[in-house]
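Reviewing the structure listed below.
Just so it is clear, none of the values below were taken in a lab; they were calculated from the coordinates. Only a predicted model underlies this, so the values are computations on that prediction, with no experimental measurement involved. Quick reminder, even Gly has a Cβ in these numbers, built from the backbone with ideal geometry, and neighbours come from all protein chains shown.
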Amino acid sequence: MSKKTIFYIAFFTVLVIGFYIVMTRVTDIGKPQLPVLNTVMPFSFTRQDGQQISNKDVAGKTVIVEYFFTTCKGICPKMNRNMVKVYNELKNEKDFLILSHTVDPETDSVATLKRYADSIGAQLNNWWFLTGSKAELYRTARESYILDDPKNSSKNISEQFLHTQFFCLVDRDGVVRGIYDGLKKDEVDQVIADAKLLLHQK
């Protein structure tokens, strides 16, 4: 093999490697991709400051969603201790938001949610506590965030009580990209990592 041929082979090898490196740095090629699980439907709820918010207000943000109630003595305190960990890891990220929905709107008034938010250090700029009609809260949990079986909506709403330990990760386009057990350290760590992945994607 001539020196000229060796030179061309080496040159084009370096060129291909260089092109691949550039492409992986400026695009999402080669990066792990999260699944597409569902699309969030339109919603409208009341925030802890009394403001009405909708899906339009969260457009363009990477969102982590949970459902809880303030008087819970079971799984909710541990879930929200873990959510505080998530919050502290991601609160300085641009376009990051947590949505915490009550499952007990009759008890969890706007004022109650505001006191609860203040008690755990949640700031209004990127952690919203939401209330609204029980029917819409539950329908959104099931049909948008897939945090409960949608078939449960067929029951009389007054007889229902949704109690889930799972967190939902939604991308900036309103697409559900992951469901995580909010009681398990490894899954809490994973939702943080996956949220960072979405936040930093081009």
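I need the phi-derived Karplus couplings for the range 126-139: 6.51 cos²θ - 1.76 cosθ + 1.60, θ = phi - 60°, integer Hz, Gly and Pro marked x.
Going residue by residue, I get 8, 9, 10, 9, 10, 9, x, 6, 4, 4, 6, 4, 6, 4 Hz, with x marking Gly and Pro.
Tell me, 131, 107 in order of fewest to most beta-carbon neighbours within 10 Å? Don't skip to the end; give the middle numbers.
Working: 131 22, 107 12.
Ascending number of Cβ neighbours within 10 Å: 107, 131.
Whole-Hz ³J(HN,Hα) for each residue in the range 33-48, computed from phi via Karplus 6.51 cos²θ - 1.76 cosθ + 1.60 with θ = phi - 60°, x for glycine and proline: what do you get?
Going residue by residue, I get 10, 8, x, 9, 9, 5, 10, 6, 7, x, 8, 8, 9, 9, 8, 5 Hz, with x marking Gly and Pro.
List the aspartates and glutamates whose Cα lies under 18 Å from the Cα of residue 114, skipping any in the same chain that are fewer than 8 positions away.
The qualifying aspartates and glutamates are 49, 66, 104, 106.
Could you check the simple spin-label distance between residue 118 and residue 78, using points 7 Å along Cα→Cβ, in nm with one decimal?
With each label point 7 Å from Cα toward Cβ, the separation is 3.0 nm.
Determine which residues of the range 103-140 fall in the zone a paramagnetic label at residue 183 would reach in this model, i.e. backbone nitrogen under 20 Å from the point 7 Å along Cα→Cβ.
103-104
Straight-line reach from residue 151: which aspartates and glutamates fall under 19 Å, measuring Cα to Cα and dropping same-chain residues less than 8 apart?
Here the aspartates and glutamates satisfying the reach criterion relative to residue 151 are 136, 143, 159.
Stretched out fully, how many nm does the piece from residue 157 to residue 200 gain, at 0.36 nm a residue minus the Cα gap?
Length difference between fully extended and current span is 11.5 nm.
Tell me, how many Å apart are the Cα centres for the range 95-129 and for the range 165-195?
18
In terms of modelled amide H atoms, which long-range or inter-chain residues lie less than 5 Å from the amide H of residue 174?
The list, which skips near neighbours in sequence, is 60.
Considering amide H positions built from the backbone, and no H for Pro or chain starts, which residues 5 or more places from residue 127, or on another chain, come under 5 Å of its amide H?
Close amide H contacts, sequence-distant or interchain: 98.
Report ³J(HN,Hα) in whole Hz for each residue of the range 170-180, in order, from the Karplus equation J = 6.51 cos²θ - 1.76 cosθ + 1.60 where θ = phi - 60°; Gly and Pro get x.
10, 7, 5, 9, x, 10, 6, 10, x, 10, 9
Go through the range 86-190 and name the GluC sites (Glu not before Pro) that are in a DSSP coil and have 13 or fewer other Cβ atoms within 10 Å of their Cβ.
Counting only loop positions with at most 13 other Cβ atoms within 10 Å, the GluC sites (Glu not before Pro) in the range 86-190 are 106.
How much net charge surrounds residue 174 when only other residues with a Cβ under 12 Å from its Cβ are counted (Lys, Arg +1; Asp, Glu -1)?
Around residue 174, the charge tally is +1.
How high is the FRET efficiency between residue 56 and residue 135 when r is their beta carbon distance and R₀ equals 22 Å, given to the nearest 0.05?
Details: r = 21 Å, r/R0 = 0.95.
Taking R0 as 22 Å, the efficiency between residue 56 and residue 135 is 0.60.
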